[in-house]
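The values are calculated or read from the model by the stated rules, or taken from the named source; none is laboratory data. Because the structure is predicted, anything quoted here is derived from the model rather than measured. In this analysis, Cβ positions are derived from the backbone assuming ideal geometry, glycine residues included, and neighbour counts consider all displayed protein chains. All accessible areas refer to the heavy atoms of the entire protein, side chains included, with ligands and DNA or RNA removed. Shrake-Rupley method; radii C 1.70, N 1.55, O 1.52, S 1.80 Å.
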Amino acid sequence: MRKIAVDNELDLNVRKVCAGKLRRYTNFKFLDYLEHFDVVLANIADAFRLMFGFLQSFFRLVANRPDVIFLKGGYTCLPVGMAARVLRIPYVIHDSDTVPGLTNRALSKKAAKIATGMPLEYYKYPEDKAVWTGIPVSEDFRPVTVACQKTLKKELGFDPKEPLLVVTGGSLGAEHINLAIRGILPELLKFTGVILVAGRERYPEMLDLKEYEKWEEGSLVSNFLMLEFSGEMYKLFGAADIVVSRAGASTITELSSMGKPVIMVPNQKLPGHHQVKNAEAFMKAKAAIVVRDEDITEDPQILLKEIKKLAKNSDKQKELAKNLRGFAKDDAAERIADMIVDIARK
């Protein structure tokens, strides 16, 4: 057991349990798994980890029986949820994406309550259990005024009177988005400033783009900036006029909380195609423009065309921002906390 500090105020005891991951690949057929027997062996090994994790969870929950358990989803929650079911301890689960993960599908039948990140129409959960709570994000992700946006642009080294495009593929980076930006960057810089968050894994591959980044006496004097990672994405998003991003639930929630026009490039290779279905939901609601990952890989000009078209259409930007903002639940953390407390009191 170890303790961690939260905001330097609250100490939490943290105990780990084993968990097993089921490796599934959307482009694999049954025979492909036989050809990649290392994947099969890894799944078998993780099945034993899951069983051991269940036993760990069972005995810890017997020794310290909680009133309620909150499970955020993902394979790490499965052994705890299984033990909770056996011990009849009520639990609450939360889904971020429009497509419930395998763990949440398995645990949803016995869940006391189900919190969702998207409207209930995207789920098949029982209406008496499910509540659209949204996804908690930092309070820093809130709409900014025009004056604040200009201040943020200036703080980042950009002309506050000029448009700014922010491109991100997440903290690790998105190879195809990065490569597409590499191919169209000279054209982009003719009409907009660009900040590319290349990602921790992909940044070294993109260092050639640093030639577009000019500094004088510690100040940015070009209209391009490439970062490996930023711990202050709210500033980048706040400064942005347009954002290009993946369609991961957390990033899109941050952008919806700020009300920003977004061009989504969902990752098509993830299990369950959850990013693709996330993006489709926002596109259907006229809350985002969606470009296929494989399309920009074959022809980056497709992405350039969409960015240029949106940059020239301020009404479309406002429409997308307003509709995306409609998905935001600024009190998501409070809603989930209230739900957990209500179950605990029953």
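Determine by what factor the alpha-carbon radius of gyration of segment 96-137 differs from 2.2 N^0.38 Å, reporting the quotient. Mind showing how you got there, number by number?
Details: Rg = 9.5 Å, N = 42, 2.2 N^0.38 = 9.1 Å.
Dividing the Cα Rg of segment 96-137 by 2.2 N^0.38 Å gives 1.04.
Quick one: compute the contact order of the chain, relative version, from alpha carbon pairs under 8 angstrom and 6+ residues apart, as a percent. Present the calculation step by step, with values, prior to reporting the outcome.
Working: 623 pairs, mean separation 54.2, N = 346.
Contact order relative to length: 16 percent.
Carbon and sulfur together cover what percent of the accessible area of segment 173-254 at a 1.4 Å probe radius? Provide the component values of the computation, followed by the final result.
Details: 1570 of 3380 Å².
The computed percentage sits at 47.
Applying 1/(1 + (r/R0)^6) with R0 = 56 Å to the Cβ-Cβ distance of Asn13 and Gln301, what FRET efficiency is obtained, to the nearest 0.05? Kindly include the intermediate steps, with their values, before the conclusion.
Details: r = 54 Å, r/R0 = 0.96.
Efficiency, from the Cβ-Cβ distance: 0.55.
For the chain, what are Rg and Dmax over the alpha carbons, in angstrom?
When restricted to the Cα atoms of the chain, Rg and Dmax are 22.2, 64 Å.
Any idea what the dipole of segment 194-270 comes to, in debye rounded to 20, about its Cα centre with Lys/Arg Cβ at +1 and Asp/Glu Cβ at -1?
On the way: 8 positive and 11 negative charges, 82 e Å.
My answer is approximately 400 debye.
Want the number for Arg345 to Lys161: 0.36 nm per residue separation, take away the alpha-carbon distance, what's left? Could the numbers behind the result be given before it?
Numbers: separation 184, 0.36 × 184 = 66.24 nm, distance 5.39 nm.
Length difference between fully extended and current span is 60.8 nm.
Given springs between every Cα pair under 10 Å in a Gaussian network model of the chain, which of Arg65, Arg335, Arg292 has the largest fluctuation?
The residue that fluctuates most here is Arg65.
For every other residue with a beta carbon closer than 12 angstrom to the beta carbon of Lys322, add +1 if it is Lys or Arg and -1 if Asp or Glu, then tell me the sum. Walk me through the intermediate numbers first.
Working: positive: Lys260, Lys286, Lys316, Lys318, Arg325; negative: Asp315, Glu319.
Here the charged neighbours net out to +3.
Using Cα positions and a limit of under 18 Å, work out the lysines in reach of Lys153, with same-chain residues fewer than 8 apart set aside.
Cross-link targets: Lys161, Lys190, Lys214, Lys235, Lys260.
Dipole size in debye (nearest 20) for the chain around its Cα centre, Lys and Arg Cβ +1, Asp and Glu Cβ -1? Intermediate values should be presented prior to the final figure.
On the way: 51 positive and 45 negative charges, 279 e Å.
With only Lys, Arg, Asp and Glu charged at Cβ, the dipole is about 1340 debye.
For a test of the definition: using alpha carbon positions, the gyration tensor, and the 1.5 limit on a/c, classify segment 48-135 as rounded, prolate or oblate.
On the way: a/c = 2.53, a/b = 1.77, b/c = 1.43.
Since a/c reaches 1.5 and a/b is larger than b/c, the shape of segment 48-135 is classed as prolate.
Suppose we keep just the DSSP beta bridges with both residues in the chain; what percent of those would be antiparallel, to 5?
Working: 7 of 35 bridges.
Within the chain, antiparallel bridges account for around 20 percent of the total.
Which of rounded, prolate, oblate describes segment 263-346, given a ≥ b ≥ c as roots of the alpha-carbon gyration tensor eigenvalues and a/c under 1.5 marking rounded, otherwise prolate only if a/b is larger than b/c? Provide the component values of the computation, followed by the final result.
Working: a/c = 4.36, a/b = 1.79, b/c = 2.44.
It is oblate, given that a/c is not under 1.5 and a/b is not larger than b/c.
Quote the accessible area belonging to Tyr203 in square angstrom, nearest 10, computed with a 1.4 Å probe and with ligands, DNA and RNA left uncounted.
Approximately 50 Å² of Tyr203 is accessible to the 1.4 Å probe.
Report the FRET efficiency, 1/(1 + (r/R0)^6), for Lys286 and Arg142, where r is their Cβ-Cβ distance and R0 is 22 Å, rounded to 0.05. Intermediate results must be reported in sequence, preceding the final value.
Numbers: r = 22 Å, r/R0 = 1.02.
Working from the Cβ atoms, E equals 0.45.
Order Lys318, Lys284 by their accessible area, 1.4 angstrom probe, all chains in place, largest first. Don't skip to the end; give the middle numbers.
Details: Lys318 135, Lys284 160 Å².
Order by accessible area, largest first: Lys284, Lys318.
Given the -39500 (n - 2.57) contribution per DSSP H run of 4+ residues, what per-residue ellipticity at 222 nm results for the chain, rounded to the nearest 500 deg cm²/dmol?
That comes out to -12500 deg cm²/dmol.
From Cα pairs below 8 angstrom and at least 6 apart in sequence, can you work out the relative contact order of segment 163-289, rounded to a whole percent? Present the calculation step by step, with values, prior to reporting the outcome.
Numbers: 210 pairs, mean separation 30.6, N = 127.
Contact order relative to length: 24 percent.
With a 1.4 Å probe and every protein chain left in place, work out the accessible area per residue of the chain in Å², rounded to a whole number. If you can, show how the numbers build up before the last one.
Working: 18690 Å² over 346 residues.
Normalised by residue count, the accessible surface of the chain is 54 Å².
Can you tally the net charge around Met206? Count Lys and Arg as +1, Asp and Glu as -1, for every other residue whose Cβ sits under 13 Å from the Cβ of Met206. Don't jump to the answer; show the numbers that get you there.
Working: positive: Arg182, Arg200, Arg202, Lys210; negative: Glu175, Glu201, Glu205, Asp208, Glu211, Glu213, Glu228.
With Lys, Arg at +1 and Asp, Glu at -1, the net is -3.
List the residue ranges in the chain for DSSP H helices whose C-alpha atoms run 27 angstrom or more along the long axis and whose Kyte-Doolittle average is -1.0 or above. Mind dumping the intermediate values first?
On the way: long enough: 37-63 (39 Å, 1.26).
Going by DSSP H runs, the hits are 37-63.
Given points 7 Å out from each Cα along the Cα-Cβ axis, report the Arg88 to Leu120 separation in nanometres with one decimal.
Simple spin-label model gives 2.7 nm for this pair.
Highest GNM mean-square fluctuation, the chain, Cα pairs closer than 10 Å: which of Asn323, Asn178, Asn43?
Maximum fluctuation in the GNM of the chain, among the listed residues, is at Asn43.
Could you tell me the calculated FRET efficiency between Lys190 and Ser230, based on Cβ-Cβ distance and R0 = 35 angstrom, to the nearest 0.05?
Values: r = 25 Å, r/R0 = 0.71.
Using R0 = 35 Å, I get an efficiency of 0.90.
Residue farthest toward the positive end of the dipole of the chain, with Cβ of Lys/Arg at +1 and Asp/Glu at -1: which of Phe191, Thr251, Gln317?
Positive-most Cα among the choices belongs to Thr251.
Taking the Cα centre of each part, how many Å lie between segment 274-341 and segment 74-113?
28 Å
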